[in-house]
Amino acid sequence: MTVYYFHFQSGRRLIMDPEGVELRSTADALEVAAKLAAGLLDDREVACDWTRSAFRVEDQHQRRVLRLPMTTVRARDNRSRALRN
């Protein structure tokens, strides 16, 4: 198992994840990042430039594992909503 850290970046602002989450794989880390991103997009109190925002996921050795742009999550959510209607 690997510890993954989910840092949120919006423009130059970076909010670090100090605790991380122990997961089995990078695919699991992507799933967690997508859920975190969707939660932020749904939160009406969060105001930022989503086009310049992303989750940066690093492993326990501080190596970047993946970057998930918020625009990607927003586009996926919009497609899912359109399919349900």
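Numbers for the structure displayed
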quantity: Rounded tilt (10° steps) of 26-42 against the dominant C-alpha axis of the chain; calculated: 40
quantity: ³J(HN,Hα), Karplus 6.51/-1.76/1.60, whole Hz, each residue of segment 54-60, x for Gly, Pro; calculated: 6, 8, 9, 9, 10, 8, 5
quantity: Using alpha-carbon coordinates, inclination of helix 70-84 to the longest axis of the chain, degrees; calculated: 50
quantity: Placed amide H near G20: partners under 5 Å, 5+ positions off or other chain; calculated: F6
quantity: Cβ-based exposure ranking for S53, S25, in which fewest neighbours within 10 Å come first; calculated: S25, S53
quantity: Ranking of F55, F6 by count of other Cβ atoms within 10 Å, fewest first; calculated: F6, F55
quantity: Mean ellipticity per residue at 222 nm, deg cm²/dmol - from DSSP H runs of n ≥ 4 across the chain, formula -39500 (n - 2.57); calculated: -12500 deg cm²/dmol
quantity: Rounded to the nearest 20 debye, dipole of the chain from Cβ charges on Lys, Arg, Asp, Glu; calculated: 460
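No value in this document is a laboratory result; all are computed from the given coordinates. Since we're looking at a predicted model, the values are computed, not measured. Counting neighbours? That spans all protein chains shown, and the Cβs are built from the backbone with ideal geometry, glycine included.
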